[in-house]
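Input: a single structure, listed below in structure tokens.
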Amino acid sequence: MIWCVEDDTGTREIELYTLASTGFKAQGFDNGNSFWNALQNEIPDLVILDVMLPGMDGIELLKKMKSSSMFCSIPVIMATAKGTEYDKIQSLDLGADDYLVKPFGMMEMVSRIKAVLRRCNAAEKAHLLKCRDLVVNTDERTVCISEQRINLTYKEFELLKMFMSHPNIAFTREQLFSGVWNMDYMGESRTLDMHIRTLRMKLGVYGSCIQTVRNIGYRWEALYDR
């Protein structure tokens, strides 16, 4: 999913049409606030972020994304106005993966998106998540404590991976349910809480790392070196 954050309706619609025509799923946002709110519930594959936006501008949004352990790995291409050299340099210094200078061609946009995605896929995070002698291998889908295999169900593994990939981040029940079950959270359901309870039991001493956040949900508290 590619997200286009652009306040000009005509430009945004052309971007979305081009992306859809070239095989990408895409979604548009006309201001920084709506983009940031949506980001709390879904993680896109890449963001095309205009510098000049109403509300939070692109630079402010980029800073917030790169300072967040949950969003810092999302690839970002900044759209800057012609002649604004400072915006380009500042964007790259803050962690943007590339930039486009307005007005830019749609095929150039698609080409840059593909190039950034290739680079990011090649430099994905290590497939091992560690917490002392707890090791999660996301490629093999195995969990070991002191080299002893721990058998987890599919959902338990996905929950653990989500927690350990984002230590100290408080996930709402809605976010966990959406991320693992890929469906809207049903408030009356105890499914999530039951899975958390069994996961804690299977993890032994590491079960205490899964902390309950009152009125919110759960988080993985990084009590040990990862």
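The values are calculated or read from the model by the stated rules, or taken from the named source; none is laboratory data. Since the structure is predicted, the reported quantities are computational estimates derived from the model, not experimental observations. Quick reminder, even Gly has a Cβ in these numbers, built from the backbone with ideal geometry, and neighbours come from all protein chains shown. Calculation scope for accessible area: heavy atoms of the full protein, side chains included, ligands and nucleic acids excluded. Shrake-Rupley method; radii C 1.70, N 1.55, O 1.52, S 1.80 Å.
Among the residues of the range 58-98, how many are farther than 30 Å from residue 176 by Cα and either of a type in the set (Asp, Glu) or modelled with pLDDT under 90 (or both)?
15
If the requirement is being hydroxyl-bearing (Ser, Thr, Tyr) and under 30 Å from residue 170 (Cα atoms), which of these qualifies: 34, 111, 21? Before you say what the answer is, go through the steps one by one.
On the way: 111 fails: under 30 Å from residue 170 (Cα atoms); 21 fails: under 30 Å from residue 170 (Cα atoms).
Going through 34, 111, 21 in turn, the sole match is 34.
Can you tell me which condition residue 111 does not meet? The list is (1) open to solvent by 40 Å² or more (accessible area, probe 1.4 Å); (2) more than 14 Å from residue 48 (Cα to Cα), and all the others hold.
(2)
Residue 189: small (Gly, Ala, Ser), loosely packed, with under 13 Cβ neighbours inside 10 Å and either under 19 Å from residue 166 (Cα atoms) or at pLDDT below 85 (or both), yes or no? Even if it seems obvious, please write down each step before you answer.
Numbers: small (Gly, Ala, Ser): yes; loosely packed, with under 13 Cβ neighbours inside 10 Å: yes; either under 19 Å from residue 166 (Cα atoms) or at pLDDT below 85 (or both): yes.
Yes; evaluated as a whole, the condition is true for this residue.
How many of the residues in the range 39-57 are within 21 Å of residue 23 (Cβ to Cβ) and either at pLDDT 90 or above or among the basic types (Lys, Arg) (or both)?
Here the count works out to 5.
Residue-by-condition table, conditions (1) more than 30 Å from residue 164 (Cβ to Cβ); (2) of a type in the set (D, E, K, R):
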position	(1), (2)
30	yes, yes
43	no, no
73	no, no
100	yes, no
108	yes, yes
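(1) within 30 Å of residue 172 (Cβ to Cβ); (2) in contact (Cβ under 8 Å) with a residue 12 or more places away in the chain: which one isn't true of residue 68, the others all being true?
Against the list (1) within 30 Å of residue 172 (Cβ to Cβ); (2) in contact (Cβ under 8 Å) with a residue 12 or more places away in the chain, residue 68 comes up short only on (2).
Against the definition (in contact with a strand residue (DSSP E or B) (Cβ under 8 Å, 6 or more places away or on another chain) and either among the basic types (Lys, Arg) or over 16 Å from residue 29 (Cβ atoms) (or both)), how does residue 53 come out, yes or no?
Against the criterion (in contact with a strand residue (DSSP E or B) (Cβ under 8 Å, 6 or more places away or on another chain) and either among the basic types (Lys, Arg) or over 16 Å from residue 29 (Cβ atoms) (or both)), residue 53 does not qualify.
Out of the range 32-56, which residues are crowded, with 16+ Cβ neighbours inside 10 Å and more than 27 Å from residue 177 (Cα to Cα)?
Scanning the range 32-56 gives 48, 49, 50, 51, 52, 53, 56.
Looking at (1) open to solvent by less than 40 Å² (accessible area, probe 1.4 Å); (2) in a loop (DSSP other than H, G, I, E, B), which one does residue 15 not meet, given that it meets all the others?
(2)
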